[in-house]
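The values are calculated or read from the model by the stated rules, or taken from the named source; none is laboratory data. All values derive from a computational prediction rather than experimental measurement. Cβ sites come from the backbone with ideal geometry, for glycine too, and all protein chains shown count toward neighbours. Areas reflect the complete protein model, heavy atoms only, side chains present, ligands, DNA and RNA absent. Shrake-Rupley method; radii C 1.70, N 1.55, O 1.52, S 1.80 Å.
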Amino acid sequence: DIIAAIATPIGEGGIGIIRVTGEGSIELVDKVFKNPKGKILKGTNPNSIVYGHIYDYLGQVIDEVLVSVFKGPRSFTAEDTVEINCHGGIIPIQKVLQQVLSVGARLAEPGEFAKRAFLNGRLDLAQAESIIDVIRSQTDMALKIAVKQLQGGLSQELKVIRDELLEVIAYLEAHIDFPEEDLGDLSSEANTKAIKSNIVRLKKLIENADTGKIFREGLRAVI
């Protein structure tokens, strides 16, 4: 289904953004959007911005907007996605959202855009969890750690560990399944070395996790 939500903080500001995603989201926004030159969003090139207005069911202008069009899989959720950039006042952004919901979208649940990005393979779980850390970062170091995780730093390190351990497992299973084959020593030095080195890596990751928690949440000190 198509989901929509306000993607910017509620309040007064120059710009407010409403994100709409899901199969058919471009056509859905076309129902409430009009361009002065008659240009429709459906035929717009991917990753482009179109100027126009959002109209209510009576045909009256709600707000002047810029609409960004992203076609899957090249979008945050890997689905067709539309972002409506309207004025950031409480009333205009709420009215634009209600108009989008009135033509078939439903209100997104908290974190549902990131959830869809994860389910569609756009982000892995570690990257999805890092989004909130980027948003809530209070220091340069906290931001640096969160951005590194968002870019896949932690995921890549875990992948290397996983691949090496899978090689060891495959070697051990081959000994069990084909005992008559000459596959070498079951407790080979290479396997032992791989296991020990990855234990050290995992311990280091656990220690770094505690350090990262301090950077994210800070320390409480009694003076």
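Restricting the search to strands (runs of 3 or more DSSP E) fully inside region 1-106 and requiring at least 3 residues that are under 20 Å from Leu119 (Cβ atoms) and in contact with a Leu (Cβ under 8 Å, 6 or more places away or on another chain) gives 3-6. Taking the criterion of being open to solvent by 60 Å² or more (accessible area, probe 1.4 Å) and of a type in the set (D, E, K, R), the residues of region 1-23 that qualify are Asp1, Glu12, Glu23. All of Leu158, Leu154 fail the test of being in a helix (DSSP H, G or I) and modelled with pLDDT under 85, apart from Leu154. Consider region 66-75 and keep the residues that are of a type outside the set (Gly, Ala, Ser) and surrounded by fewer than 20 Cβ atoms within 10 Å (Cβ to Cβ). The one that is modelled with the highest pLDDT is Leu66.
The residues listed here are Glu181, Glu173, Glu167; of these, the one that is at pLDDT below 80 and at negative phi is Glu181.
All of (1) of a type in the set (Asp, Glu); (2) open to solvent by 70 Å² or more (accessible area, probe 1.4 Å); (3) in contact with a helix residue (DSSP H, G or I) (Cβ under 7 Å, 6 or more places away or on another chain) hold for Glu164 with one exception: (2).
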